[in-house]
1. With the structure loaded, tell me whether residue 103 is crowded, with 19+ Cβ neighbours inside 10 Å, aromatic (Phe, Trp, Tyr), over 30 Å from residue 431 (Cα atoms) and modelled with pLDDT of 90 or more or whether it fails that test.
2. Mind checking which residues of the range 82-114 are assigned to a strand (DSSP E or B) and of a type in the set (D, E, K, R)?
3. Run residue 86 past the list (1) in the same structural domain as residue 134 (by TED's automatic domain parsing); (2) touching a residue at least 40 places away in the same chain (Cβ under 8 Å); (3) surrounded by fewer than 12 Cβ atoms within 10 Å (Cβ to Cβ) and report the number of the one that doesn't hold.
4. Starting from residues that are out of contact with any strand residue (DSSP E or B) (no Cβ under 6 Å at 6 or more places or on another chain) and within 17 Å of residue 449 (Cβ to Cβ), keep the ones in the range 460-517 and report whichever is surrounded by the fewest Cβ atoms within 10 Å (Cβ to Cβ).
5. Quick one: residue 505 ticks every box in (1) touching a Phe, Trp or Tyr at 6+ places or on another chain (Cβ under 9 Å); (2) under 20 Å from residue 344 (Cβ atoms); (3) not aromatic (Phe, Trp, Tyr) bar one, so which box is it?
6. Sort out which residues of the range 401-415 are within 16 Å of the chain's Cα centre (by Cα) and part of a loop (DSSP other than H, G, I, E, B), and write them in order of number.
7. Cβ-Cβ under 9 Å, sequence separation 6+ or interchain: first residue in the range 289-302 and outside any loop (DSSP other than H, G, I, E, B), partner modelled with pLDDT under 75 and surrounded by fewer than 10 Cβ atoms within 10 Å (Cβ to Cβ). Which pairs?
8. Would you be able to say whether some residue in the range 357-372 is hydroxyl-bearing (Ser, Thr, Tyr) and either in a helix (DSSP H, G or I) or modelled with pLDDT of 95 or more (or both)?
Amino acid sequence: MATMKTPGVYIVEKSAFPNSVVEVATAVPAFVGYTQKADNKGKTLLNKPWRITSMAEFYDYYGYGPQSTFKVEEIAADASPDFAFGGTDYALTQDAGKYLLFYSMQLFYQNGGGPCYIVSVGNYGNEVEPDKIQKGINLLVKEQEPTMVVMPDAVLLKQPDCISVQQTALAHCGGKMRNRVAVLDIWEGYKDRQDPSGDCVEVFRGALGINYLDYASAYYPWVNTTITQDKDLSSANVSNKDVLIKLLRTELGIPETAPALEDSDTPADKSKKAKIAQQVEAVNNIVSDWAGLEPEDIESNKLLLNKSLIALSPLFGKILAEIKSKLNLLPPSAAMAGIYTMVDNSRGVWKAPANVSLAAVVSPAVNITHDEQEDLNVTTQGKSINAIRTFIGEGTLVWGARTLDGNSLDWRYVNVRRTMIMLEESIKLASKAYVFEKNDAGTWTTMKSMIRNFLNGIWKRGGLAGASPDDAFSVHVGLGETMTPEDILEGILRITVLVAISRPAEFIEITFQQQMQKS
């Protein structure tokens, strides 16, 4: 109040309402991995968390996908071939461009993704190393906004290194920050659990440990997507072009050079030789670099060559189809980050991110039955793995909503953990306005009112369970209730908030019984 020394009228304004709690963002994933570049108008973004809001921004800052190449190799008769030709089995082995972040980002935005953070830890010329990915995760300590951590490139590492990276993510989410969750992939999760090489799910469970499991969820199996299209592939995706050319010449029955035209050739001979010349030119152009042409002309020539080869050779089309299938086999974590975002925006963070279809996904890599999911969902170790399943007439659905701490009654469900993180962070940020205020009944009442107003809004939107606000939440603060006189002398203000968070109806039981005829 102003000092009154001069006669007159003085206006005094008093605040009638407490501060409001602003709900923090709940779906801001942070992706850690390798990109083509990391540049913002000349300034490097390498090992720097950077916020983007669309795939167009990703192109601007981080470039495009890797040039993936595959080697065509003959294999033994008892091995699993990718295609067969002339009585010989062949396999396609990827030998370059093995990075997943770019494709995962496309999958993220296809499934409803929005704002996110990118941490580029290297470019496509670098080896995928666990130390770099772990460093990228630790860089997120200084960022408060991310609510999820996703590392799709981790599955490219050896199994022990992949687990080490995932344990780093768990320690970051549950140990240091406690305001975000990790979405994990199963190493070699494209394999069936009965695969001779071992049960990938049991290997994951046995190696991951037991720390901070309620701050993470995992999904199985990987998914077959539609991210890579036919137009994205060409003969440039085959590294040993000499083998490809040999196979195509054998298939088409054409020589290395075009036959020369002679004066004695009939019109039919000339037409036949012209067709052979066209085939020879198309096959020989596989190794052409079109020197002296502009980049756009090179691209148009490559596109034309690709169409010509597909039209001429069924084998070439089969090889490209196999390459596309391999590139489209992706871990599901990025898609789930998109699903989390979509469900949060449409229903709220308290809605379980399950019974939702996956976009840009053809099928799960492994078809899981009802009985097979039983061990995934409920296990004695408590490490629940959420299944991705296909249903007739419904497509590919997310069919699980548990954290890895599946035996915990407190933190069994993903939406319960994420809702609690949202409530804690929102109230924490709003309460900073009262740090160093008087620790008396006035401040207690104001803060209690602020928190109750916020929780009442969440309850009205369906985020808390209860027929009335008093059933859904309660806020306690006061001397003798939450604090002792010693607490006040030490400058400690304690508030206890009880909330009843909505839990999903994971199991629905409907009982049928016959009754006596009444008429």
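1. Here the answer is yes, as residue 103 does meet what is asked.
2. Selection gives 89, 95.
3. (1)
4. Out of the qualifying residues, it is 470.
5. So residue 505 meets the others, but not (1).
6. Scanning the range 401-415 gives 401, 403.
7. Within 9 Å, the pairs are 298/289.
8. Looking for residues that are hydroxyl-bearing (Ser, Thr, Tyr) and either in a helix (DSSP H, G or I) or modelled with pLDDT of 95 or more (or both), one finds at least one in the range 357-372, hence yes.
The values are calculated or read from the model by the stated rules, or taken from the named source; none is laboratory data. No experiment lies behind these values; they were computed from the predicted model shown. So basically every Cβ, Gly included, is an ideal-geometry build from the backbone, and we count neighbours across all protein chains shown.
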